[in-house]
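Colleague: I have a structure here, written as C-alpha cells, and I will follow up with some questions on it.
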Amino acid sequence: MKSKHLLIIISFALASIFTSVQAVQHAKASAQARILPNHSGYLDITSIPITYHVVGEIGNTGSTNLHWLKVTAKFYDENNSLIGSSSAYALLDVLLPGRKAPFEIVLKDSNVNRIKNYTLSLEFDEYIYEKPLGLEILKSTTYIDEAGFQKVNGTVKNIAPKNATAVKVVATFYDGEGKVCGVAYSYATPSTIRPNQTAIFEIELKRKSLFFSNYILTAESYEYTIVPELPSLNLCHVLIFLSLTMLLFKLKAHNQ
C-alpha cells in the first residue's frame with residue numbers, strides 16, 4: 001500500500017515538473033536584459049596611445065531574442081568629474097533568452113590614466129525573428145605566442161541543413177573570482193561552412209601577459225547560433241526529473 005501511495009506521489013511530481021516547464025515556455029514574451037556584475041576595467045599602457053578598457057557581459061533575462069545590445073561607459077576621476085564616455089555593441093549580434101554576450105569598451109583619451117571609476121548603461125532592441133541552433137564548437141586549445149598574446153585555436157562545425165555564412169567565434173576570459181578579464185573574437189576559416197562540415201578558427205586576445213582562470217567560447221553566423229552546452233530546460237528540473245524517474249522504475253520493479 002505504501003508503495004502504491006509513493007508511486008502516485010511521484011507521478012504527480014513528474015506531472016508538475018512538466019506543467020511548470022510548459023508554463024515557462026508559454027509565458028508571454030518580454031524583452032529584458034542587464035549588464036552582469038562581473039565586469040572589470042583596466043589601463044592598457046602597451047597600446048599607442050594608452051587606452052582604458054572595460055570588459056563584461058550582458059545577460060538576456062527575458063523571454064525573447066534581443067539585438068543591437070549597446071553598452072555605454074562614463075569615466076570619472078578621483079573627484080568624480082567626468083573624463084569621457086565611450087560605447088560598444090555586444091560581440092554577438094543576436095542574444096537568445098537565458099544566454100549572455102561579452103562586450104568591450106575602449107576609451108582613447110589623453111586623461112585615461114586619471115580614471116578611477118566608471119558607470120555602465122545598456123540599450124537594446126527586441127529581435128522578432130528566430131535564430132535557430134546550428135553551430136557547435138568541437139574542440140579548442142589555448143597558448144601564449146612569442147609576442148606574449150593569448151591565443152585560442154579550435155574547430156567549429158555546421159550541424160544545420162543549410163550553409164552557415166560569416167561564422168564568428170567569440171571568447172570570454174575570466175579571472176579566479178569569475179570577473180571578465182578579456183574578450184576577443186575571430187571569423188572562421190573558411191567563414192562560410194557547408195552543412196556537416198567544419199572550419200578552424202584562431203582568436204588572439206590583444207592583452208599581453210593575461211593570467212586567466214578559465215574561458216568560454218560561443219559562436220554565431222548570419223543564419224544560426226551555437227548549440228548550448230546544456231539543454232534549455234532548467235538544470236534543477238532535469239536533475240529532479242531523472243531522480244524521480246529512476247525511483248519510479250525501482251518501485252515498479254519491486255511491486256512486480
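The values are calculated or read from the model by the stated rules, or taken from the named source; none is laboratory data. Remember, predicted model here, so these are calculated numbers, not experimental data. Cβ: placed from backbone, ideal geometry, glycine included. Neighbour counts: every protein chain shown.
Colleague: Anything in segment 165-179 that is buried (at least 23 other Cβ atoms within 10 Å of the Cβ), closer than 15 Å to residue 206 by Cβ and not small (Gly, Ala, Ser)? List them, or say none. I'd like the intermediate steps shown before the answer.
Modeller: Quick first cut of segment 165-179, residues buried (at least 23 other Cβ atoms within 10 Å of the Cβ) only: 167, 169, 171-173.
Checking the rest, the ones that are also closer than 15 Å to residue 206 by Cβ come to 171-173.
Selection gives 172, 173.
Colleague: Then there's this: Out of the residues in segment 117-164 that are modelled with pLDDT of 95 or more and small (Gly, Ala, Ser), state the one that is surrounded by the fewest Cβ atoms within 10 Å (Cβ to Cβ).
Modeller: Looking at the filtered set, the residue picked out is 121.
Colleague: Taking residue 116 as the residue in question, decide whether it is within 26 Å of residue 213 (Cα to Cα), in contact with a Gly (Cβ under 7 Å, 6 or more places away or on another chain) and not assigned by TED's automatic domain parsing to the domain that holds residue 214. Talk me through it step by step, then tell me what you get.
Modeller: Numbers: within 26 Å of residue 213 (Cα to Cα): yes; in contact with a Gly (Cβ under 7 Å, 6 or more places away or on another chain): no; not assigned by TED's automatic domain parsing to the domain that holds residue 214: yes.
So residue 116 does not fit the description; no.
Colleague: Take the conditions of a type in the set (Ser, Thr, Tyr) and more than 24 Å from residue 39 (Cβ to Cβ) and apply them to residue 155. Does it pass?
Modeller: On the way: of a type in the set (Ser, Thr, Tyr): yes; more than 24 Å from residue 39 (Cβ to Cβ): yes.
The answer is yes for residue 155.
Colleague: Next up: Would you check if there is a residue in segment 85-103 being among the polar types (S, T, N, Q), modelled with pLDDT of 95 or more and surrounded by fewer than 19 Cβ atoms within 10 Å (Cβ to Cβ)? Can you show your working first?
Modeller: So in segment 85-103, the residues among the polar types (S, T, N, Q) come out as 85-87.
Those left that are additionally modelled with pLDDT of 95 or more: 85-87.
After this cut, where a residue has to be surrounded by fewer than 19 Cβ atoms within 10 Å (Cβ to Cβ) as well, the list is 85, 87.
Yes, the conditions are met somewhere in segment 85-103.
Colleague: In contact with a strand residue (DSSP E or B) (Cβ under 8 Å, 6 or more places away or on another chain) and part of a loop (DSSP other than H, G, I, E, B): which single residue out of 205, 210 fits that description? If you could, list the steps in order and put the result at the bottom.
Modeller: Numbers: 205 fails: part of a loop (DSSP other than H, G, I, E, B).
The conditions single out 210.
Colleague: All but one of (1) under 25 Å from residue 195 (Cα atoms); (2) in a strand (DSSP E or B) hold for residue 86; which doesn't?
Modeller: So residue 86 meets the others, but not (1).
Colleague: Among (1) more than 30 Å from residue 196 (Cβ to Cβ); (2) outside any strand (DSSP E or B), there is one condition residue 129 misses while meeting the rest; what is its number?
Modeller: The single condition residue 129 does not satisfy is (1).
Colleague: For the condition farther than 21 Å from residue 194 by Cβ, aliphatic (A, V, I, L, M) and in contact with a Leu (Cβ under 8 Å, 6 or more places away or on another chain), what is the one hit in 169, 152?
Modeller: Working: 169 fails: farther than 21 Å from residue 194 by Cβ.
Criteria check complete, one pass: 152.
Colleague: Now, a different point. Give segment 66-89 a look and list any residue that's hydrophobic (A, V, I, L, M, F, W, C) and more than 19 Å from residue 42 (Cα to Cα), or say none. Working first, answer last.
Modeller: Step one: list which residues in segment 66-89 are hydrophobic (A, V, I, L, M, F, W, C), which gives 66, 68-69, 71, 73, 75, 82-83, 88.
The answer is 66, 68, 69.
Colleague: Please list, ordered by first then second residue, the pairs with beta carbon atoms under 6 Å, 6 or more apart or interchain, first in segment 192-204 and surrounded by 13 or more Cβ atoms within 10 Å (Cβ to Cβ), second hydroxyl-bearing (Ser, Thr, Tyr) and part of a loop (DSSP other than H, G, I, E, B).
Modeller: Listed pairs, sorted by first residue: 192/165.
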